[in-house]
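The values are calculated or read from the model by the stated rules, or taken from the named source; none is laboratory data. Computed from a prediction, not measured in an experiment: that's the story for all the values here. Methodologically, a virtual Cβ is constructed for each residue, glycine included, from the backbone with ideal geometry; neighbour enumeration extends over all protein chains shown. We work out accessible area using only protein heavy atoms, side chains counted, and drop any ligands, DNA or RNA first. Shrake-Rupley method; radii C 1.70, N 1.55, O 1.52, S 1.80 Å.
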Amino acid sequence: MNAAELKAELTKKIEAANDLGQLDEVRVSALGKKGAITELMKGLGKMSPEDRKTEGAALNVMKDDIAAKLEDRQKTLKKAAMDEKLKSETLDITLEPRPARKGTIHPLTQTMDEMIAIFADMGFSIHDGPDIEDDFHNFTALNFPPKHPAREMQDTFFLPDAEGQDGDAAKRVLRTHTSTCQIRAMMELGAPLRKIVMGRVYRAEAMDTTHSAMFHQIEGMMIDTNTNMGHLKGIMKTFCEKFFGVEDLPVRFRPSFFPFTEPSAEVDIGCSKTRDAIKIGGGNDWLEIGGCGMVHPNVLKNVGIDPEKYQGFAFGMGLERMTMLKYGITDVRSFYDGDTRWNEYYGHDPINKPNLATGV
Ligand code: FA5
């Protein structure tokens, strides 16, 4: 085989080598100790000096050419091998580091946690009371006179009288508001006092998009030697601003009536209403969020606190209504449907507990 034929054959073999092993075999067969090119080089010694000169130069050119082709092919095969390796070792960094969250925090629980965070920051701690109350805590101690029409303000679910009890303590009701806990907290702890209470309340009312026969309220109260309406308004304004995340939120008090507060007020916040949205904050409309007032001196007397020495304020808000406003929920009944799709949509991340550092 002459040099030109050998070159053509080796070139073909180099191109046909599919991996580095095959390529090395070609290299050895061409340039190894007994390789075809090496053998041709050995034959130069037998040639005349003139032939050796021309043949030698041509052989060297061919040798360099084959060596360069081998190197090129080696680079190509190495790159292909690396690409293949990278493909099989791909790490998908878009995969979630944790399993997808299962379950969410119910919007009502979220609201309660948010309110706890806000009021705790203003020095309020939590108190509690039972859902089944007696007439004394639900009405009498709260200055609802016997047979007074004010008792009908909140349609009551009455329960059978408690056995072995007399008078107001025997008459049992499902509490109609969390104001019962004003009485419980003041009788248990006396004054001064700064408490919030959250829980279920019950009213014999027809259910519709904004009314439920069972719903939740928050009650707040502060009793001290110099508390006044100004403090109450400051607390309500600070609370609303933090809860709704709106700076300088307009808050107004509208005169109202509750037997257990004097003076009494409804709390409204500023908003703008359009046909299908309510925006909390600036605007010309007002939205009622709850009731409040200075604790009536008769109530303080009923729980053994001297009204000459102590005054206080109390406030109450509906938790469903506050949650609906904040998160754009349109039907109060959906809170209790137990529809997991609703919970998934309106629910909150269990990892992120509300806190004031990041805003509730
Ligand atoms: C009261 O229950 C008073 N105890 C509030 C209070 C506390 C006044 C302390 C003064 C001092 P009212 O009946 O307005 O007030 O209820 C308070 C809130 O409960 C309402 O503003 C509303 O948000 C919510 N609410 C009332 N009825 C329903 C209902 N049927 N379904 C859902 N939320 C309701």
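Taken together, the residues in region 200-235 that are part of a strand (DSSP E or B), more than 12 Å from the ligand (Cβ to nearest atom) and surrounded by fewer than 20 Cβ atoms within 10 Å (Cβ to Cβ) amount to 1. Residues in region 331-357 that are in contact with a helix residue (DSSP H, G or I) (Cβ under 8 Å, 6 or more places away or on another chain) and closer than 16 Å to D113 by Cα: 7 in all. Would you check which residues across region 105-160 are at positive phi and open to solvent by 40 Å² or more (accessible area, probe 1.4 Å) and list them? Selection gives G123, K147. Has region 87-98 got at least one residue that is under 30 Å from E15 (Cα atoms), assigned to a helix (DSSP H, G or I) and either open to solvent by 50 Å² or more (accessible area, probe 1.4 Å) or within 16 Å of the ligand (Cβ to nearest atom) (or both)? Looking through region 87-98, at least one residue is under 30 Å from E15 (Cα atoms), assigned to a helix (DSSP H, G or I) and either open to solvent by 50 Å² or more (accessible area, probe 1.4 Å) or within 16 Å of the ligand (Cβ to nearest atom) (or both).
The set of residues in region 281-310 being outside any strand (DSSP E or B), open to solvent by less than 20 Å² (accessible area, probe 1.4 Å) and without any contact (Cβ under 8 Å) to a residue 60 or more places away in the chain consists of G281 alone.
Filtering region 317-343 to residues that are in a helix (DSSP H, G or I) and exposed (fewer than 11 other Cβ atoms within 10 Å of the Cβ) leaves only R341.
Within the group F313, F260, which residue is modelled with pLDDT of 95 or more, within 15 Å of the ligand (Cβ to nearest atom), in contact with a helix residue (DSSP H, G or I) (Cβ under 7 Å, 6 or more places away or on another chain) and open to solvent by 10 Å² or more (accessible area, probe 1.4 Å)?
Working: F313 fails: open to solvent by 10 Å² or more (accessible area, probe 1.4 Å).
From the options F313, F260, the qualifying one is F260.
Screening the candidates D65, D83 for the property of being at pLDDT 90 or above, more than 59 Å from the chain's Cα centre (by Cα) and not β-branched (V, I, T) yields one hit, D65.
Residue by residue through region 164-177, note down the ones that are open to solvent by 10 Å² or more (accessible area, probe 1.4 Å) and either touching a helix residue (DSSP H, G or I) at 6+ places or on another chain (Cβ under 7 Å) or more than 16 Å from the ligand (Cβ to nearest atom) (or both). Steps first, please.
Of the residues in region 164-177, the ones open to solvent by 10 Å² or more (accessible area, probe 1.4 Å) are 164-169, 171-172, 174.
Listed by number, the residues that qualify are G164, Q165, D166, G167, D168, A169, K171, R172.
I'd like to know if region 178-190 contains one or more residues that are within 11 Å of the ligand (Cβ to nearest atom), assigned to a loop (DSSP other than H, G, I, E, B) and closer than 15 Å to A314 by Cβ. Yes, the conditions are met somewhere in region 178-190.
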